[in-house]
Amino acid sequence: MKFAVLVAIVAEELEERAIDCAKQAGAGGVTLLDARGIGAKEKKTFFGLTYEGSQTVLICVLEKKLSLQVMKALTVELELAKHSKGVVFTVPLDHIAGIDTRQVKSFEEHIKGEI
């Protein structure tokens, strides 16, 4: 079985929608990180203070085919193709240790259900 890491970086206000969407698309668990981004545009300032929007980073370890399904679901649900409110990508995993065997069985059942 091949695995991938799915990384989604979304605006903080989209965090709950992103989590719900990922879980509905088959992600068993999601790791969240708080983040700040530096974009290509000048930052907005107000009396010398710079406003930087908060972001959330979602990380999921998934079976490779499932990672693409979750990525597509997030792209549609959060309208990432229309708005620059986030980005989602996958990275292949060559080695992994410590993944819960129940999660691997869940991946297997999901794959069998599609065959």
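Structural remarks
- Backbone geometry of segment 73-79 corresponds, through the Karplus equation with coefficients 6.51, -1.76 and 1.60 at θ = phi - 60°, to 3J(HN,Hα) couplings of 4, 5, 4, 6, 4, 8, 6 Hz, x marking Gly and Pro.
- The listed peptides 18-26, 96-104, 84-92, ordered by packing as a protection proxy, come out as 18-26, 84-92, 96-104 (highest mean of other Cβ atoms within 10 Å first).
- Proximity of backbone amide H atoms, modeled 1.01 Å from N, is registered between L93 and F3, A4, V5 at under 5 Å, excluding neighbours fewer than 5 places apart on the same chain.
Coordinate-derived values only; no laboratory data. On a predicted model such as this, the values are computed, not experimentally measured, just so you know. Positions of Cβ are backbone-derived with ideal geometry, glycine not excepted, and every protein chain shown enters the neighbour counts.
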